[in-house]
1. Which value in nm describes the separation of the simple spin-label points at Val142 and Ala54, placed 7 Å from the Cα toward the beta carbon?
2. Can you sort Phe193, Phe160 so the residue with the fewest Cβ neighbours within 10 Å comes first?
3. Give me Met95, Met29 sorted ascending by neighbouring Cβ count inside 10 Å, so fewest comes first.
Amino acid sequence: MKKSFGLATLALLVLALAAPPAAADGMGMDLGIHGGAVGTDGGDGNSFVGGAQARFHLFWIIGVEARASYYTDSVDLDQLGTVDVENIPFQASGMLYLLKLPKVGLYLLGGGTYSNLKVSGTAVETGEVTEKKWSAHAGAGVDINLSKTISLNGDVRYVFLGADSVDEALDEIVSDYQGDFWAATIGLNFKLF
């Protein structure tokens, strides 16, 4: 009985010391912008990606994010021409903070991406394919609080797009294009509450 009481007391003490301040437990909302680099499988290097995000802090280590971005890319196929890619991905992510201190937090994220993808072929095969589809994404990042109302975040995420209709429509020039992409971004967030 004494051993059980001692273990329970020790467990409560550890939880009390590890728990965040009461103010950090409440709900909160941040609005922000982000920008960075994006690379598609088979693309010609990296392109710029940018957009806006809203983050909702539900509990100390759990949050969600809604993000809209825009990027363009090209795939050079030598004598066959090029394929121009334009994508507007909308992402909904769940966030789990592995470490959350007053100034810094490390998180994992994952969720769904709704892509509005347009792929245009030029030269030998001319055409345009538009595909709207859901896919999964996963990533990790860091938050840095600059003040009580301003924070920076940096993350890397990979989107498993699997754009099958592009292969079917432009199969002579993009037989293996799936549209999967990674994005490394830095965001500036403003706390609303």
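1. Label-label distance for Val142 and Ala54, simple model: 2.9 nm.
2. In increasing order of surrounding Cβ atoms, one gets Phe193, Phe160.
3. Arranged by neighbour count, lowest to highest, Met95, Met29 become Met29, Met95.
Read-outs: derived from the displayed coordinates by stated rules, not from any lab. Small disclaimer: the values here were computed from a predicted structure and weren't measured. Here the Cβ is made from the backbone with ideal geometry for all residues, glycine too, and neighbour counts use every protein chain on show.
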